[in-house]
Structure formats: structure tokens, C-alpha cells
1. For residues that are closer than 14 Å to residue 63 by Cα, hydroxyl-bearing (Ser, Thr, Tyr) and at pLDDT 95 or above, tally how many sit in region 99-133.
2. Of the residues in region 85-96, how many are over 17 Å from residue 135 (Cα atoms) and open to solvent by less than 10 Å² (accessible area, probe 1.4 Å)?
3. Say we look at region 1-50 and pick out the residues that are open to solvent by 10 Å² or more (accessible area, probe 1.4 Å), among the small types (Gly, Ala, Ser) and part of a loop (DSSP other than H, G, I, E, B); which of these is modelled with the highest pLDDT?
4. From the list 54, 12, 50, 95, exactly one residue is touching a Pro at 6+ places or on another chain (Cβ under 8 Å) and among the small types (Gly, Ala, Ser). Which is it?
5. Being farther than 23 Å from residue 68 by Cα and either within 14 Å of the chain's Cα centre (by Cα) or among the acidic types (Asp, Glu) (or both) is the filter here; which residues of region 81-129 pass it?
6. Which members of region 130-147 meet the condition of being open to solvent by 60 Å² or more (accessible area, probe 1.4 Å) and either under 21 Å from residue 65 (Cβ atoms) or in contact with a strand residue (DSSP E or B) (Cβ under 7 Å, 6 or more places away or on another chain) (or both)?
7. Picking from 82, 66, which residue would you name as being in contact with a Pro (Cβ under 9 Å, 6 or more places away or on another chain), open to solvent by 10 Å² or more (accessible area, probe 1.4 Å) and not hydrophobic (A, V, I, L, M, F, W, C)?
8. Hey, could you check region 114-129 for residues that are among the small types (Gly, Ala, Ser) and open to solvent by less than 40 Å² (accessible area, probe 1.4 Å) and say which is farthest from residue 101 (Cα to Cα)?
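The values are calculated or read from the model by the stated rules, or taken from the named source; none is laboratory data. Only a predicted model underlies this, so the values are computations on that prediction, with no experimental measurement involved. Cβ placement follows ideal geometry from the backbone for every residue including glycine, while neighbour counts extend to all protein chains displayed. Surface areas here come from the heavy atoms of the whole protein model, side chains and all, with no ligands, DNA or RNA. Shrake-Rupley method; radii C 1.70, N 1.55, O 1.52, S 1.80 Å.
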Amino acid sequence: MARLSPSIRARALFLLWRSDDLLLIDWRDESTHQAVWLAPGGTIEYGEPAYAAAIRELREELGVGGIELHHLATFESIFEYGDQVGHEVCFAFEAIAPPQLAKQSAVQGVESNGEPLTLIWTPASAIEAGERPLWPGPLRQYLVSPPLRR
């Protein structure tokens with residue numbers, strides 16, 4: 001398991017909606033092997049605005065550009081992973097998925113280290129019901145409904 005940094009990490013998340021479904025990474029916790037949903041995104045680089053980081057992560061992980069993201073929430077996440085404590089400040093942005101992604105049953109992406117990612121369309125009702133853990137956990141409270149219904 002990777003060691004967590006003893007500092008606060010700034011993350012930019014991008015959330016894409018397809019009707020009542022949200023595109024999330026289908027992930028397995030490396031320490032417990034439990035299936036979890038992971039919000040896509042990554043670390044904000046020094047001097048980089050959060051919105052620009054979300055756009056960059058969307059392009060890097062899914063190869064998609066030209067999407068206008070809207071700020072959903074900014075929140076803090078303090079969590080335990082294995083025997084370590086992590087601390088993040090997350091900037092979450094959302095948009096309606098572009099047609100090229102919305103028509104796919106699962107979306108293949110790539111991590112910054114070159115490892116493949118599988119993202120799945122997850123019903124909002126499954127997220128609300130807590131069928132799996134959602135990382136970061138505080139994000140769940142902001143996923144009340146797709147953006148066009150707010």
C-alpha cells in the first residue's frame with residue numbers, strides 16, 4: 001500500500017451525469033479488497049486553479065475535452081486508509097456527460113501512472129442507498145440529483 005503524505009492534499013474531482021447515473025471509477029480497496037466507488041479526478045498542482053485541474057484530469061483520464069464543468073461543492077475529507085490518516089480538500093465539479101461517453105456501458109480510462117481505469121454508470125439511487133462505499137465519503141451528501149434537476 002502506498003504511504004499517505006502527512007500533509008493536506010488538494011484534489012479536483014470531475015463528475016459526469018447520464019440521466020440519473022453518475023460515472024464513477026469501479027475500484028477495489030487494496031487493503032480490504034472491498035469494492036468501492038471512487039470519484040474521478042486527481043491532485044491539484046501548485047499554482048493551478050481547481051477548475052483547471054478538473055479539466056486537465058478529465059482530459060488525461062478520459063481523453064475528453066471541451067466540457068464546461070460547474071462547481072458542485074468544496075469539502076474536506078479526513079479518512080483512514082489501512083493504518084494511516086489522510087487529509088484532503090476536494091473541489092468537486094460536474095457536467096452532463098458528452099454523447100461519446102454517455103452511449104458507452106462502461107468507460108475505459110487511464111491513470112496518471114498509465115494503469116487502466118474502468119468507470120461505470122452508477123445509479124444515483126444506489127449511491128444514496130450506500131450499496132458500496134463512495135470515496136471521498138463526504139461527496140455523497142452533495143449527490144442529491146443530477147445537475148439539471150437542481
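1. 1
2. Qualifying residue count for the region: 1.
3. That would be 47.
4. 95
5. 83, 88, 115, 127, 128
6. 135, 140, 142 - these are the residues of region 130-147 that are open to solvent by 60 Å² or more (accessible area, probe 1.4 Å) and either under 21 Å from residue 65 (Cβ atoms) or in contact with a strand residue (DSSP E or B) (Cβ under 7 Å, 6 or more places away or on another chain) (or both).
7. Values: 82 fails: in contact with a Pro (Cβ under 9 Å, 6 or more places away or on another chain).
From the options 82, 66, the qualifying one is 66.
8. First, the residues of region 114-129 that are among the small types (Gly, Ala, Ser): 114, 124-126, 129.
Pick out the ones that are also open to solvent by less than 40 Å² (accessible area, probe 1.4 Å) and you get 124, 126.
Working: 124: 17, 126: 20 Å.
Taking the candidates together, the pick is 126.
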